[in-house]
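Written out below as structure tokens is the structure these notes cover.
The values are calculated or read from the model by the stated rules, or taken from the named source; none is laboratory data. Just so we're clear, the structure is a prediction, and the values are computed from it rather than from any experiment. A quick note on method: Cβ atoms are made from the backbone with ideal geometry, for glycine too, and the neighbour counts reach across all protein chains shown. Just so you know, the surface numbers come from the protein's heavy atoms only, side chains and all, with ligands and any DNA or RNA stripped out. Shrake-Rupley method; radii C 1.70, N 1.55, O 1.52, S 1.80 Å.
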Amino acid sequence: MKLLKGIGVSPGIAVGRIFILEQSTETEKRNIQSCEMEIARLNDALQESASELEKLYEETRKKIGDKEAAIFEAQLFMLQDQEFIERIKSEIETEKINAEWAVENVTRYYASLFLNMENEYMRERAQDIKDIGNRIKNSLKGLSKNPSDKNAMEGIIAAKEITPSYMAQLNTEKITGVLTETGGKTSHAAIISRALGIPAVTGIQALLEEVQNGDYIVFDGESGNVYINPSDEILRDYKEKLKDLISIKNKLNSLKGTKSITSDGRQIKVFSNISSDKDIKIVLENDAEGIGLFRTEFLLMGRNNIPSCEEQFEVYKKVASLMQGNTVIIRTFDIGGDKPLDYIGLAPEDNPFLGYRGIRISLDRKNLFKEQLKAILKASAFGNIKIMFPMISTIGELIQAKEILFEAKEDLRKQEIPFNEEIQAGIMIETPAAAIMSDLLSKEADFFSIGTNDLIQYTMAADRLNSKVSYLYNFYQPAVLRLIKHVIDSGHREGIEVGMCGEAAGETGLIPVWLGMGIDELSVNPNSILATRNIVQNLNFHEAKAMTDNLLNLSSDEDVKLCLEEFSQSCSCL
Ligand code: PEP
Ligand code: MG
């Protein structure tokens, strides 16, 4: 038996066999002896890639439609282009380099040609070229890239890292757990695993050296303890833990249909975060009172083009209708950071979290933004929708975003398309700049929602994905708590509602603090809705407020945690 330690990021017990996810590593440059041999390898890879694309074309045509399938038909056409193939061969022959490196160079060359074109459609073709290049390179390296492989995977996945879009496409019936070497609690991949209910542990050093395909594993997505080939005793313990979790779940189920109201009568809203219309099923099963954050950028992932205004409208309308008059806060695209989107021609950046991201992209690509706003506005005729802008740092950005919203409304009026004229437009408070300026932003925004995931990383200067700095990146830092208090007070002074949709909203120990500060709404992942309501119902607002006033004078995260432990012991029900 071996014990590995990581960061528990998605609770639950997972038991099963390991499936190691082969991921394409960096392409290496090698000098070669025989050009013929290298060209023969290339020809084989081209042939394999072509038959993969033909298969993908047929599958997509049957499963999705002709329009989507056409993407792969066009890729096949590019793959078989003689000029493209000759260029790769000539690189191999003149430079005496391996085929992988030649493919890398040539696809980079073509991608940059496309990226520099005026026309947006042509710029987007750069992604197709990169896709083709990756397919050929994977074939050369003996790695299959066919997405249908995901269906063959079963058990617990072990990987160096997992992207959010990959996580979103996992088959939840077959994948019982996820282990990775990198990532933190608020990485988007972790957030999705919680929403899917897949237990996960990240930040496990040298994971791929420690495990082998087929190893029997048991792990706990809360503590981060991962046992390889566990003893009978450990297995027994974990089966007991599993039983306890099931009995807690049954108790929480009895809270469905009740209100989130404290013992002395203060009511708040417990909403849910979603990243797809598919999440609504689990949201309704867990009795959420609304949607506090719809991460719409996930609509853009796992595909090669931006969904049209009409396609987006259908999704927003479906979500609003299914929520039957309850609030649905739709956040405009928050692309960038750990949610890159190659096909819109974004260049790689040294500091993606400090770069071209969220509202910065939307204001720069006005068409993309306006089409999305129109889709949201149109859907507002079918439910209780609010709009939210991400990553606001200045009042100017908010004013510009509202101007584009105004134009989108004008366009719809001209076309006589109905929408909610009173629709609210609020903002995420997730940069320290926005938090500090919240007294003035509250005059321009209809509501605030505090994005603690980013607010913590920017305030503490600690990357939310870097497990080495997780001692700084935590929900209990006094600097962050003080900023949050300032934001809530600023919003309330101007009479607007203040919610929270970062992962800290559902952090059990901190819920008394958010209530004590006067928060109006907590938006948590669907699996935490009832647990959050349970804590609210067991709290006394006045006691929570007194404890919070005192806690805001503490000087370290450790002291904050101690204070909260004492508080929870004094309220035996927590
Ligand atoms: C946040 O930053 O807290 C947030 C909710 O946004 P995201 O996690 O999508 O960056
Ligand atoms: Mg954020």
Could you check Y471 against (1) within 23 Å of the chain's Cα centre (by Cα); (2) within 14 Å of ligand 1 (Cβ to nearest atom) and say which number it fails?
(2)
Please indicate, with yes or no, whether at least one residue in region 319-337 is in the same structural domain as N453 (by TED's automatic domain parsing), outside any loop (DSSP other than H, G, I, E, B) and of a type in the set (D, E).
no
Pull up region 421-436, narrow it to residues that are over 24 Å from D463 (Cβ atoms) and crowded, with 16+ Cβ neighbours inside 10 Å, then point me to the one that is nearest to ligand 1 (Cβ to nearest atom).
G426
Could you tell me which residue of region 376-398 is nearest to ligand 1 (Cβ to nearest atom), considering only residues that are more than 26 Å from P352 (Cβ to Cβ) and out of contact with any Lys or Arg (no Cβ under 6 Å at 6 or more places or on another chain)?
K386
Being more than 29 Å from the chain's Cα centre (by Cα) and β-branched (V, I, T) is the filter here; which residues of region 405-446 pass it?
I417
Residue that is nearest to the chain's Cα centre (by Cα), among those in region 548-560 that are surrounded by 16 or more Cβ atoms within 10 Å (Cβ to Cβ) and over 17 Å from D489 (Cα atoms):
D557
Give the residues of region 184-198 that are open to solvent by less than 10 Å² (accessible area, probe 1.4 Å) and away from ligand 2 (no atom under 16 Å from the Cβ), sorted by residue number.
S193, I198
Quickly run through region 327-354 and pick out the residues that are among the charged types (D, E, K, R) and in contact with a Ser or Thr (Cβ under 9 Å, 6 or more places away or on another chain).
R331, D334, D338, K339
Suppose we filter region 335-351 for residues that are within 12 Å of ligand 1 (Cβ to nearest atom) and either without any contact (Cβ under 8 Å) to a residue 60 or more places away in the chain or open to solvent by 10 Å² or more (accessible area, probe 1.4 Å) (or both); how many remain?
4
If I filter region 231-257 down to residues being touching an Asp or Glu at 6+ places or on another chain (Cβ under 9 Å) and surrounded by 13 or more Cβ atoms within 10 Å (Cβ to Cβ), which single residue comes out as farthest from I7 (Cα to Cα)?
L255
Quick one: in region 332-353, of everything that is under 23 Å from F114 (Cα atoms) and within 12 Å of ligand 2 (Cβ to nearest atom), which residue is modelled with the highest pLDDT?
I335
Look through region 356-384, keep the residues that are open to solvent by less than 20 Å² (accessible area, probe 1.4 Å) and not in a helix (DSSP H, G or I), and return whichever of them is farthest from ligand 2 (Cβ to nearest atom).
R357
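Do we have E403 as surrounded by fewer than 17 Cβ atoms within 10 Å (Cβ to Cβ), away from ligand 1 (no atom under 15 Å from the Cβ) and not in a helix (DSSP H, G or I) here?
Numbers: surrounded by fewer than 17 Cβ atoms within 10 Å (Cβ to Cβ): yes; away from ligand 1 (no atom under 15 Å from the Cβ): yes; not in a helix (DSSP H, G or I): no.
In short, no.
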Every residue in region 266-277 that is open to solvent by 50 Å² or more (accessible area, probe 1.4 Å) and part of a loop (DSSP other than H, G, I, E, B), please.
R266
Under 7 Å by Cβ, and 6 or more places apart or on different chains, what pairs join a residue from region 83-100 that is farther than 16 Å from S139 by Cβ with one that is small (G, A, S) and open to solvent by less than 20 Å² (accessible area, probe 1.4 Å)?
E91/A102
